[in-house]
1. Could you tell me whether residue 53 is open to solvent by 40 Å² or more (accessible area, probe 1.4 Å) and touching a residue at least 40 places away in the same chain (Cβ under 8 Å)?
2. Of all residues being in contact with a Phe, Trp or Tyr (Cβ under 9 Å, 6 or more places away or on another chain) and closer than 29 Å to residue 207 by Cα in segment 280-297, which is surrounded by the fewest Cβ atoms within 10 Å (Cβ to Cβ)? Just the residue, please.
3. Under the condition of being among the hydroxyl-bearing types (Ser, Thr, Tyr) and not in a loop (DSSP other than H, G, I, E, B), which residue from segment 56-79 is least open to solvent (accessible area, probe 1.4 Å)?
4. Within segment 116-143, track down each residue that is outside any loop (DSSP other than H, G, I, E, B), under 14 Å from the mean Cα position of the chain (by Cα) and surrounded by fewer than 14 Cβ atoms within 10 Å (Cβ to Cβ).
5. Could you check segment 182-243 for strands (runs of 3 or more DSSP E) lying wholly inside it with 1 or more residues that are modelled with pLDDT under 90, closer than 30 Å to residue 256 by Cα and not β-branched (Val, Ile, Thr)?
6. Being at pLDDT below 95, open to solvent by 70 Å² or more (accessible area, probe 1.4 Å) and in contact with a His (Cβ under 7 Å, 6 or more places away or on another chain) narrows it down to one residue among 82, 113; which is it?
7. Condition check: part of a loop (DSSP other than H, G, I, E, B), under 25 Å from residue 97 (Cα atoms) and of a type outside the set (Ser, Thr, Tyr). Does residue 165 satisfy that?
8. Condition first: closer than 30 Å to residue 111 by Cβ and open to solvent by less than 30 Å² (accessible area, probe 1.4 Å). Can you find one or more residues in segment 216-239 that meet it?
Amino acid sequence: MEIKYAIALASMFILLAPVLAQNTYIPLELGGDNYYTMYGSPDISASISGTDEFKRGDTVTLYLDLTNYGRIIGFKQDQMPQNSKEYALASAELEEENKKPTALGVTATLISQAPQIEVKSGDQVVESLKSGDKTQSPLKFTIKIGEHAPAGEYPLHLNMTYDYQDNVRVYASKLVTEGGTSTFSNYRVSYVYQKANQTVPVTIRVKKQADFVIQNTTAELLAGGKKQEIHATYKNIGEDPVRDAVARLSIFKPFSSTDDQAFIGDLDPGNETTVLFRMDVDSDATAKDYGISSEIKYTDVNGDTVISESMKIPVKVEPAAQSLLLPAALALIILIAVGGYIYKKRQKKV
């Protein structure tokens, strides 16, 4: 009687489901009877597990949980059972049809919508996701936040492709009842599947913080020179002010200095200041362009000590200035020799 009631109820509903399907495919030869058509499909959402806020310039792991909210939203009767075997087949088909919202072979691809955010990792795969279930462990995507990405929200798209069961047919040659238990002979189930696409939005945030760039530099360095001046202008292009900021250099050969730090003090967003460093250059330094690394140590709005990302100060080393003493001495010697020669020649004539 329960089977008859289910069939009678099914005939009362004919509902339409949202269409996600791209095309239908049949992995096995289709055969058997079709007693029901079910309406519904998977419906997968994505949510961030853990933090959604990151610092600019960082390479981080974004964790995403998938949840399948798909369900059966309606069904209709396609064929009326005529005997006990067909009633049993209809019941067996209904059980299989209820698996329709399960997503199979989910392939997830994270796409950035902003040039400041780069997705470094490839596709993530989930074998299956039943209706009402969440992934057992989050999907992991590696993303790179731009070095000077402004604070705020950044949209990402999670593109997913998957299969789901679209229809079921059942077949049995006969129904055998023994000892009150019924079993099918030559029972088989044929499935029709759909391929589907789904895209869900994901949003991450970049934290507000100070951020610095070098606006311009002035540096005229000579090989062998001592305490030569380097002027560098630092600008706070971030969103937060800083206090007690100090610019400092990372020195390497052929450079050396006892004056490789410069006090900046407080620097609000949009403001800039120029500092002075003094640099010694080895006498055997190769004349060429160099980049000296610099960073800013400061106190942020939370009172924490922070060290900025490294910034390059471009400098050019020129060859050492040629001394004029040797050429002058040589000229003097030549003049003396010529003068002596002329004097001796005149003496002989006398």
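1. Values: open to solvent by 40 Å² or more (accessible area, probe 1.4 Å): yes; touching a residue at least 40 places away in the same chain (Cβ under 8 Å): yes.
Taking the combined requirement at face value, the residue satisfies it.
2. We begin by selecting, within segment 280-297, every residue in contact with a Phe, Trp or Tyr (Cβ under 9 Å, 6 or more places away or on another chain); these are 280-282, 285, 290, 292-296.
With the extra rule that they be closer than 29 Å to residue 207 by Cα, the set shrinks to 292-296.
Working: 292: 22, 293: 13, 294: 25, 295: 16, 296: 23.
Per the criteria, the residue is 293.
3. Of the residues in segment 56-79, the ones among the hydroxyl-bearing types (Ser, Thr, Tyr) are 59, 61, 63, 67, 69.
Subset that is not in a loop (DSSP other than H, G, I, E, B): 59, 61, 63, 67.
Details: 59: 88, 61: 55, 63: 87, 67: 20 Å².
Here the answer is 67.
4. Within segment 116-143, 118, 140 qualify.
5. On the way: elements: 188-206, 212-219, 228-236.
Counting at least 1 such residues, we get 212-219.
6. Details: 82 fails: in contact with a His (Cβ under 7 Å, 6 or more places away or on another chain).
Result of the check over 82, 113: 113.
7. Working: part of a loop (DSSP other than H, G, I, E, B): no; under 25 Å from residue 97 (Cα atoms): yes; of a type outside the set (Ser, Thr, Tyr): yes.
Here the answer is no, as residue 165 does not meet what is asked.
8. Within segment 216-239, the first condition is being closer than 30 Å to residue 111 by Cβ, and the residues that meet it are 237-239.
Next, from what is left, pick out any that are open to solvent by less than 30 Å² (accessible area, probe 1.4 Å): 238.
Scanning segment 216-239 turns up at least one residue that is closer than 30 Å to residue 111 by Cβ and open to solvent by less than 30 Å² (accessible area, probe 1.4 Å).
The values are calculated or read from the model by the stated rules, or taken from the named source; none is laboratory data. Predicted model only: the values in this text are computed from it and were never measured. Because the Cβ atoms are built from the backbone with ideal geometry, glycine has one as well, and the counts that use them run over all protein chains shown. Only protein heavy atoms, including side chains, enter the accessible area calculation; ligands, DNA and RNA are left aside. Shrake-Rupley method; radii C 1.70, N 1.55, O 1.52, S 1.80 Å.
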